[in-house]
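Inspection log for the structure reproduced underneath, given as structure tokens.
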Amino acid sequence: MAGKTTCRSTICSAFYSGKHCPFSSFQQLLNNHSIQGNSIPTCYSAALRILQTPGILNEVRAELSSINYSSLSPAEHTQIIPSQVPLLRAIWWENLRDAQTAMTIREVPPTTTMRGCTLPVGSVVTIPGALVHRNPTIHPEPATFRPKRFLAKQLGGDGQNPSIGVKAFGGG
């Protein structure tokens, strides 16, 4: 969770000011927040999505303004993110859904039967994240970047629970 929080804080810092943030500055923000590993491409991808999706940058800025983001210290950023920035949290989940193609691989501990198919103990099962993420039954319009699918209904979103249909980073 720490990687997600600092990445979101970095994105907030990059876009709150209302000024253009060149990638060299964004890279410096990533370095300053000690963001490493698979969080780096995820942060870049989320930042690009914010920039290329019409209207979303202004919505992110409005959300940050509503919580007085500019007056908070970096330590306070980790306390408010993600709880007080639901749109940014929805963007993060939608970015993970759209960009991650991780595959979860598990060994079947006891013999298991699913849908009439028996998997003997020791069998290897894979869950390809991309197939789940692109499934229109789970995610309507899967080819469209729609962060509001993960925003609560009372906030104008679809209210979709990301834990049901987003398999990010292979599941550990």
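The values are calculated or read from the model by the stated rules, or taken from the named source; none is laboratory data. Because the structure is predicted, anything quoted here is derived from the model rather than measured. Glycine gets a Cβ as well: all are built from the backbone with ideal geometry, and neighbour counts include every protein chain shown.
Starting from the stretch 147-158, keep only residues that are touching a residue at least 24 places away in the same chain (Cβ under 8 Å), then list their pairs with residues that are assigned to a helix (DSSP H, G or I) and aromatic (Phe, Trp, Tyr) whose Cβ atoms are within a distance under 7 Å, requiring at least 6 positions of separation or different chains.
150/93; 157/150
Looking at the structure I just gave you, is residue 157 assigned to a loop (DSSP other than H, G, I, E, B), farther than 18 Å from residue 46 by Cα and touching a Lys or Arg at 6+ places or on another chain (Cβ under 6 Å)?
Answer is yes for this residue.
Please enumerate the residues belonging to the stretch 160-172 that are assigned to a loop (DSSP other than H, G, I, E, B) and either of a type in the set (S, T, N, Q) or surrounded by 10 or more Cβ atoms within 10 Å (Cβ to Cβ) (or both).
Residues satisfying the conditions are 160, 161, 166, 167, 168.
Just checking, how many residues over the stretch 125-153 are within 30 Å of residue 51 (Cβ to Cβ) and either surrounded by 13 or more Cβ atoms within 10 Å (Cβ to Cβ) or among the aliphatic types (A, V, I, L, M) (or both)?
Residues that pass the stated criteria total 19.
So residue 122 clears everything in (1) more than 22 Å from residue 51 (Cα to Cα); (2) buried (at least 16 other Cβ atoms within 10 Å of the Cβ) except one condition, right? Which one?
Here residue 122 meets the rest and fails (2).
Quick one: which residue in 118, 113, 42, 144 is modelled with pLDDT of 85 or more, polar (S, T, N, Q) and within 16 Å of the chain's Cα centre (by Cα)?
Values: 118 fails: within 16 Å of the chain's Cα centre (by Cα); 113 fails: within 16 Å of the chain's Cα centre (by Cα); 42 fails: modelled with pLDDT of 85 or more.
From the options 118, 113, 42, 144, the qualifying one is 144.
Considering only the stretch 64-117, state which residues are over 15 Å from residue 162 (Cα atoms), in contact (Cβ under 8 Å) with a residue 24 or more places away in the chain, out of contact with any strand residue (DSSP E or B) (no Cβ under 7 Å at 6 or more places or on another chain) and aliphatic (A, V, I, L, M).
64, 81, 85, 102
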